[in-house]
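Below: one structure, written as structure tokens.
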Amino acid sequence: MTYRPSFRTSCGMASAVVLATCSFFATGAKADPYSLPIASYGPVPVGATPSASTVSLQQLAAQVGLAAFTAPNWHEGTLRHIVMFRYKSSSTPAQRSEVTARFLHLAQDSRRADGKPLVVSIETGMQTSGEGTDDGLQQAFLLTFRSEGDRNYYVGKPVITDSAYFDPAHEAFKQFAAPYLEKVVVFDFSVQAVSAPSASHGKRRGR
């Protein structure tokens, strides 16, 4: 069965950029992420200075143990994982489309040893804001997880360097995508509050 990403886009627009980015709908990813070499199974590159947030999570993982830290019931609750890309100017539309296709395919490929998927959903779209604060970022991905444990297992490095406790499909994707990306921004949050308009808002009261 051929996988087709399922999310809404404006691929019918005339914009050449949008059409090039959306071309993965016709083909899907060209390679199985598991077929790629995963060089990042080894140590984090020498000289890399971890951020304060990375160190904090590393310490927590060491304290509770990797098995607990990456367990599906570790801090259960809806968690959003936002990833934003700025591509290198040298990357072609075809390469960007392949990056997009492989990222979306992680919804299928990222699984635990028992076959249970890690990701609830993956959404993506191109930057369309006119507020002028996008910092040159071009594309965003929004991933939803059921728990911090699922997120931890999916993300892996730099927090987790033991390959027994991170997702090989995601590591393979990072190896593939890295040569085409100039900047990556990641922001995670556990959903603590939700606000939505009430059904009665704006309706006139009956006389």
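The values are calculated or read from the model by the stated rules, or taken from the named source; none is laboratory data. What you see is a predicted model, and the numbers here were worked out from it, not measured in a lab. All Cβ positions, even for glycine, are placed from backbone atoms using ideal geometry, and neighbour counts span all protein chains on display. Surface areas here come from the heavy atoms of the whole protein model, side chains and all, with no ligands, DNA or RNA. Shrake-Rupley method; radii C 1.70, N 1.55, O 1.52, S 1.80 Å.
Tabulated results
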{"read-out": "Protection proxy ranking of 166-176, 135-145, 81-91 - average other beta-carbon atoms within 10 Å, highest first", "value": "166-176, 135-145, 81-91"}
{"read-out": "Gap separating the Cα centres of segment 128-148 and segment 41-120, nearest whole Å", "value": "16 Å"}
{"read-out": "Global form of segment 42-172, assessed from the alpha-carbon gyration tensor, a/c cut-off 1.5", "value": "prolate"}
{"read-out": "Global form of segment 107-184, assessed from the alpha-carbon gyration tensor, a/c cut-off 1.5", "value": "prolate"}
{"read-out": "Surrounding net charge for residue 127, when Lys and Arg each add one and Asp and Glu each subtract one, Cβ distance under 11 Å", "value": "-2"}
{"read-out": "Segment 102-157 - accessible surface per residue (Å², probe 1.4 Å)", "value": "42 Å²"}
{"read-out": "Where a label projected 7 Å from the Cα of residue 58 along Cα→Cβ would reach, residues of segment 171-198 with amide N under 14 Å", "value": "none"}
{"read-out": "For residue 127, distant residues with modelled amide H under 5 Å away", "value": "139, 140"}
